[in-house]
Amino acid sequence: MLDKYSDLKEELTQLFDRTTLDAIALLLAESEPDRVAPEPLPDWMTASQLARYWQLVNAQGEPTTAAIMKWTKRSENEHPLPHACMGDLLRFKREEVDRWAQEEAGRRRVENNRKRLQLAS
């Protein structure tokens with residue numbers, strides 16, 4: 001009876017080893033999944049590219065440029081979003097809009113603090 005179980009144990013061990021080796025071979029044979037490389041960030045961007053860069057997207061994941069266009073139309077004393085006109089197209093230089101975004105966040109913090117102080121008094 002012991003021989004019967006030892007034979008079964010030996011068969012199961014061999015089966016497990018073969019299955020393990022087959023699984024490893026399949027994994028090694030599979031090509032790496034195609035990875036979509038992110039587009040390199042251009043120095044000059046369109047409004048749509050800027051919206052994607054800043055992750056300004058609607059529910060469908062499409063870039064929305066309304067806020068960008070609104071920010072570009074601000075008067076000089078309202079700190080407009082820096083841009084250049086190339087023909088009738090607007091272009092945005094990445095380093096300038098990054099700087100503007102940081103400055104704008106600071107201006108908004110100051111304004112929010114000022115509003116809180118007015119409400120508290």
Subset tally (residues that are open to solvent by 80 Å² or more (accessible area, probe 1.4 Å) and not basic (Lys, Arg)) for the stretch 69-89
8
Name every residue in the stretch 41-86 that is of a type in the set (Ser, Thr, Tyr) and touching a residue at least 24 places away in the same chain (Cβ under 8 Å), in order of residue number.
THR46, TYR53
Does SER31 count as assigned to a loop (DSSP other than H, G, I, E, B) and either in contact with a Pro (Cβ under 9 Å, 6 or more places away or on another chain) or modelled with pLDDT under 95 (or both)?
yes
Among the residues of the stretch 39-68, count how many are open to solvent by less than 50 Å² (accessible area, probe 1.4 Å) and not in a loop (DSSP other than H, G, I, E, B).
7
Residues located in the stretch 90-100, provided they are loosely packed, with under 15 Cβ neighbours inside 10 Å and within 19 Å of the chain's Cα centre (by Cα)
GLU95, ASP98
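Tell me, please, whether a residue that is in a strand (DSSP E or B) and under 16 Å from ALA51 (Cβ atoms) can be found in the stretch 98-112.
Step one: filter the stretch 98-112 for residues in a strand (DSSP E or B), giving none.
So far as the stretch 98-112 goes, no, none of its residues is in a strand (DSSP E or B) and under 16 Å from ALA51 (Cβ atoms).
Considering only residues of the stretch 70-88 that are in contact with a Leu (Cβ under 8 Å, 6 or more places away or on another chain) and assigned to a helix (DSSP H, G or I), which is farthest from THR46 (Cα to Cα)? Break it down into steps so the answer makes sense when it comes.
To start, the set of residues in the stretch 70-88 that are in contact with a Leu (Cβ under 8 Å, 6 or more places away or on another chain) comprises 71-72, 74, 83-84.
Applying the additional criterion that residues be assigned to a helix (DSSP H, G or I) yields 71-72.
Numbers: TRP71: 14, THR72: 13 Å.
Among them, the one singled out is TRP71.
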Checking ARG91 against (1) in a helix (DSSP H, G or I); (2) modelled with pLDDT of 95 or more; (3) under 21 Å from LEU41 (Cα atoms); (4) not aromatic (Phe, Trp, Tyr): exactly one of these is not met. Which one?
(1)
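The values are calculated or read from the model by the stated rules, or taken from the named source; none is laboratory data. Bear in mind the structure is a predicted one, so any value in this text is a computation, not a measurement. Glycine gets a Cβ as well: all are built from the backbone with ideal geometry, and neighbour counts include every protein chain shown. Surface accessibility is based on the protein's heavy atoms, side chains included, excluding ligands, DNA and RNA. Shrake-Rupley method; radii C 1.70, N 1.55, O 1.52, S 1.80 Å.
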